[in-house]
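Values in this text are rule-based calculations from the coordinates and carry no lab data. Because the structure is predicted, anything quoted here is derived from the model rather than measured. Cβ sites come from the backbone with ideal geometry, for glycine too, and all protein chains shown count toward neighbours.
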């Protein structure tokens, strides 16, 4: 099945969608899967939100990324029972970068305040301090 490009609200290419199955980042790395119109992180640990046809929505039902207009949100989803992990897909061949689309009409209810990276939980990863990355210490002062 061909991959569909995913765009942000600002029409930037943010990833690729294999409809009804998988979500890939811009470099076609596997990042999420879809079960019963629900998106889950690739590990299945985090429920990401509802998938409305070719639109990825946050947990409140507001669009985060879309493939073709019209961009339509949905009612807020309910956290689903964690599904069985699907077989990890083979990395697809990266399609050619699509032409930047025209900005679609704003969806009823507005856009999600989340970016695609936020939606994936990458914001949380950036904010978690790395225990091995200690801040630089000032040099010891001279004799007092």
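Measuring nothing but alpha carbons in the stretch 4-121 and taking Rh as the Kirkwood radius, the Rg to Rh ratio lands at 0.94.
Work out how much length residue 108 to residue 79 would gain on full extension: take 0.36 nm times their residue separation and subtract the Cα-Cα distance, in nm to one decimal.
8.2 nm
Label separation (residue 60 vs residue 88): 3.4 nm, computed from points 7 Å beyond Cα along the C-beta direction. Site pair residue 53 and residue 96 shows an inter-label distance of 2.6 nm when each label is modelled 7 Å from Cα along Cα→Cβ.
Taking 0.36 nm per residue of sequence separation and removing the Cα-Cα distance, the residue 43/residue 122 pair yields an extension gain of 27.1 nm. The protection proxy used here, the mean number of other Cβ atoms lying within 10 Å of each residue, ranks peptides 21-34, 96-109, 49-62, 71-84 as follows, highest first: 49-62, 21-34, 71-84, 96-109. Over all orientations, the stretch 37-104 has a Cα convex hull whose mean projected area works out to 5.6 square nanometres.
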